[in-house]
Amino acid sequence: MIFTVVLVLIFVLAVVGIFAYQKIYNPGRLCKTCYRVVPDKIPSCPYCDTEIEW
Ligand SMILES: [Zn+2]
C-alpha cells in the first residue's frame with residue numbers, strides 16, 4: 001500500500017516537473033538584442049533579424 005502511494009507520488013512529481021520545465025522553456029526565448037520573446041527553434045529574431053544562438 002505504501003509502495004503504491006510512493007509510486008503515485010513519484011509519478012505526480014514527474015508530471016509536475018515536466019509541466020514546469022515546459023512552462024519555463026516552451027513560450028520561447030528572449031532575443032539578446034531586442035529582448036522580445038521569439039518562438040523556439042528559429043534561426044533568427046523576426047523583429048530585429050539578429051541571429052539567435054541556442
Ligand atoms: Zn530581436
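Details
- Shown is the FRET efficiency for M1 and Y21, computed with R0 = 30 Å from the Cβ-Cβ distance and rounded to the nearest 0.05: 0.45.
- Burial ranking of peptide ranges 12-21, 40-49 (average Cβ count within 10 Å, highest at the top): 40-49, 12-21
- The chain, helix-only ellipticity at 222 nm - DSSP H runs n ≥ 4, -39,500 (n - 2.57), divided by all residues, nearest 500: -15500 deg cm²/dmol
- Dimensions (Å) - the chain, Cα atoms, principal axes, largest first: 58, 15, 12
- Additional length obtainable on full extension of the chain from D49 to I10, 0.36 nm per residue less Cα span: 9.7 nm
Every read-out reported here was derived from the displayed coordinates using simple, explicitly stated rules and does not represent laboratory data. The structure displayed is predicted, hence computed values, not measured ones. So basically every Cβ, Gly included, is an ideal-geometry build from the backbone, and we count neighbours across all protein chains shown.
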